[in-house]
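What follows is one structure encoded as structure tokens, with my remarks underneath.
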Amino acid sequence: MLEQRNYLRHDLTALYAFIESIVEGVVSQRNSTAYSPAAIRFLDFVHALAASCKKHLANWRVQDDEEFEDRREELGTIRAAWRELHKLIKPALDADTLQVPSAVVDGIVRRFQEIHGYHETEFVLLHTAEFNYVQIRTADLRNLSAKIRAIIPDSPEFPTNLGVIGMPYSQGRTAFANCLVAHEMGHFVYRDKTFESSLQTAADTALKSVFENYEGQSQEQKDRLIRCVARWAEELFCDLFGVMLLGPCYTFAYIEAYDLSAVLDSAGAISEERMQPRMEFYEYHPSHIFRLQQQSVFLRESHWWDHICKSQARFSTLLQLLRCIETDAHVAQNPTVGRLVPALSAIVPEIRKAAFTAFEEVDDGFALFSQLNRFVRDYLAAGVVPSTLNIRISNDTDDVVAVSAPPLVLLNSGMEFYLTRTDELIRSIQGEDQNQFDCRLRWIRRIEEWVAKAIEDESLEKEETHVDPVKNGDPEAPRP
Amino acid sequence: MPLKALRENSDMVAMGERVHYLSLALDARRALNAIRAADKGSERTDELRNSIRAAALSLEMLRTHADLYANLSPEHYVQYEEIQTLREVSSSLDPEALTQSMKSLLASGEERPTADDFSLARRFFRALESRALHHYNDPASSDAFAA
């Protein structure tokens with residue numbers, strides 16, 4: 001009978017073939033399809049990692065049985081690493097620039113780049129088959145690639161300043177729903193800034209004070225409790241991050257995505273029947289009502305609140321009503337995990353502090369929104385793309401300035417228009433019927449396209465403003 | 001344990017913990033390679049110390065029932081999955097002897113670790129890598145990296 005060592009050639013070849021099968025599309029497709037620079041950086045990383053792994057396997061040898069015992073599992077570990085990458089590569093190859101909503105998400109990324117330390121961060125967008133927005137844990141990817149380098153020394157480092165976000169394949173044409181990517185960017189920052197460690201410690205402290213007989217639990221049980229509260233804390237952080245990044249349009253996108261306005265009854269009060277199921281916590285997420293309540297409290301303390309109350313009657317009613325729900329009500333609605341809710345509530349100040357830390361010295365954008373909002377809405381009402389806003393600054397008809405609104409303003413003004421003035425727009429158009437679904441859909445799509453186009457135009461204008469004349473061959477440019 | 005497995009029903013998914021098992025397997029692999037190199041050579045290198053330090057410190061904390069998970073530090077394992085796997089593996093070994101072997105490998109003095117120290121440490125890291133891969137390969141958890 002052959003020793004197991006003699007089968008290694010077969011096992012190594014099988015692993016080699018596994019890696020080959022995963023990356024074979026990368027080279028051909030990368031060169032034939034249009035990808036964003038961020039996607040190309042990611043695909044280049046995968047390609048280089050495959051090359052180094054295959055070279056490692058080609059040279060992989062064991063001298064004796066003892067070495068076989070020590071090293072055989074290494075092949076399983078390398079295979080596992082490629083199983084991780086497997087799920088990302090096909091979506092990355094599928095998400096070329098013709099398939100992803102580049103204008104809106106690019107605009108949100110530009111807003112993200114205003115955060116200190118993230119000026120050069122880019123995001124690769126992937127499509128998910130499920131209706132899920134997901135942040136791929138690039139901190140973990142980076143960590144893993146460093147660990148692989150310890151085993152395979154010439155393998156590449158994960159690209160710096162690169163995030164990966166998955167979005168539902170079906171949402172490519174929408175503008176406002178994609179505001180939810182802000183939440184995923186929050187995960188990126190949460191991991192990057194290691195807020196995890198401080199909030200885990202805070203969760204432990206909170207559990208000690210509010211969870212009956214916490215100290216009597218085994219260490220494993222305590223760890224599970226901490227993990228549960230810390231997971232919820234991360235989700236709350238990401239919601240608050242979304243609000244700070246994009247303002248109330250994040251919350252409105254959230255309400256719409258989960259149909260949370262359904263908790264209002266016909267008189268505009270809370271419907272207990274529809275509210276209660278939405279108060280149940282999940283293993284990985286707080287309940288939608290708890291999350292929206294925290295966003296409501298957060299917005300109420302922001303510059304945006306007065307404007308929300310004036311302009312968004314329906315949603316501001318909802319946000320105000322949720323604000324008053326007591327922690328006990330959340331506990332009562334969650335027989336299994338309710339005992340953990342007070343611990344989560346206790347660390348909300350720490351979560352908010354983390355969100356404020358992330359946005360230190362970043363303008364919330366409200367002042368500019370206040371100045372430009374009505375112009376953007378007027379342009380949309382007239383069916384004009386609000387790319388360049390011509391604003392008269394005196395009674396003189398020629399005294400006009402041309403202003404481009406940034407993505408934050410366009411998304412919030414556009415969302416406000418979409419939520420409050422769609423009917424008015426349709427009524428203003430001869431032959432269109434606001435009660436017909438296909439008609440409404442057509443004009444909603446138009447509003448989203450106008451906003452997306454304005455964001456794209458603003459991006460192009462910025463590129464032109466920041467163009468490097470030397471790189472672009474301007475002979476008049478001063479030389480360094 | 002008050003938590004039952006609740007069905008995840010959110011559209012912004014947070015299931016990325018499985019990757020921590022893979023991370024642990026890679027750590028164990030690095031340590032094994034370093035221990036092998038040190039066992040064959042005459043000197044203990046920084047690579048050996050760096051590759052086993054987190055496991056050694058975490059084992060020591062588990063042995064003394066310290067709050068490993070609640071007090072995160074880059075010096076020891078920080079993820080729930082890492083700590084649980086470490087608990088599982090270390091419970092089948094003699095904790096005193098294992099800790100002693102780790103200390104011996106970490107020490108920077110003249111005295112060379114014994115063959116038993118190397119042997120026990122290798123056995124431990126082999127078990128750690130296998131156990132971590134076992135958890136990683138659980139078909140029920142396939143959504144690593146997503147958060």
Query raised in the report: Using +1 on the beta carbon of Lys and Arg, -1 on that of Asp and Glu, and nothing else charged, what's the dipole of the range A:194-358 about the Cα centre, debye to 20?
Result: 300
Query raised in the report: Net charge near A:ARG440, counting Lys/Arg +1 and Asp/Glu -1 over other residues with Cβ under 14 Å of its Cβ?
Result: -1
Query raised in the report: Can you give me the Cα centroid spacing of the range A:280-338 and the range A:149-177 in angstrom?
Result: 31
Requested in this report: Would you mind giving the mean number of other chain beta-carbons within 10 Å of the Cβ of each residue in A:69-82, as a whole number?
Outcome: 6
Query raised in the report: Can you list the aspartates and glutamates whose alpha carbon is less than 17 Å from that of A:LYS208, not counting same-chain residues fewer than 8 positions off?
Result: A:GLU220, A:ASP223, A:GLU350, B:ASP67
Report task. Output the relative contact order of chain A, whole-number percent, from Cα pairs under 8 angstrom with separation of 6+ residues. Result -> 14
Query raised in the report: Taking Cα atoms, how many degrees apart are the long axis of helix A:348-358 and the longest axis of chain A, rounded to 10 and kept between 0 and 90?
Result: 90
Query - Charge sum, other residues only, whose C-beta stays under 12 Å from A:ARG30's C-beta, Lys/Arg counted +1 and Asp/Glu -1 - result: -2
Query raised in the report: Say the dipole of the protein assembly as shown comes from +1 at the beta carbon of Lys and Arg and -1 at that of Asp and Glu; which of A:PRO407, A:GLN171, A:THR121 then lies farthest toward its positive end?
Result: A:GLN171
Requested in this report: Please label the shape of chain A as rounded, prolate or oblate, based on the square roots a ≥ b ≥ c of the eigenvalues of the alpha-carbon gyration tensor (a/c under 1.5 means rounded; beyond that, a/b larger than b/c means prolate, else oblate).
Outcome: oblate
Query raised in the report: If Lys and Arg each add +1 and Asp and Glu each add -1, what is the summed charge of the other residues whose beta carbon sits under 12 Å from the beta carbon of A:ASP70?
Result: -1
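Explain nothing, just the number: dipole magnitude of the protein assembly as shown about its Cα centre with +1 on each Lys and Arg Cβ and -1 on each Asp and Glu Cβ, in debye rounded to the nearest 20.
Values: 68 positive and 95 negative charges, 153 e Å.
That gives a dipole near 740 debye.
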Query raised in the report: Roughly how many whole Å is it from the C-alpha centroid of the range B:77-126 to that of the range A:30-63?
Result: 34
Query - Folded to 0 to 90 degrees: helix A:366-381 orientation relative to chain A principal axis, Cα - result: 70
Query raised in the report: What lysines sit close enough to A:LYS453 to cross-link, taking a C-alpha to C-alpha distance under 21 Å and skipping anything fewer than 8 places away on the same chain?
Result: A:LYS462
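Express in % the proportion of alpha carbon pairs of the range A:265-402 at distances exceeding 20 Å.
62
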**Report entry** Using alpha-carbon coordinates, inclination of helix A:65-94 to the longest axis of chain A, degrees
**Finding:** 30
Report summary line: Excluding residues fewer than 8 positions from A:LYS147 in its own chain, the lysines with Cα under 26 Å of it are A:LYS54, A:LYS55, A:LYS87, A:LYS90, A:LYS193, B:LYS40, B:LYS103
Query raised in the report: Which far-off residues, 5 or more places away or on another chain, put their amide H under 5 Å from the one on A:GLY163, with H placed in the peptide plane?
Result: A:GLU122, A:PHE123, A:VAL124
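Laboratory data are not the source of any read-out in this text; all were calculated from the coordinates shown. Source: prediction; values computed, not measured. A quick note on method: Cβ atoms are made from the backbone with ideal geometry, for glycine too, and the neighbour counts reach across all protein chains shown.
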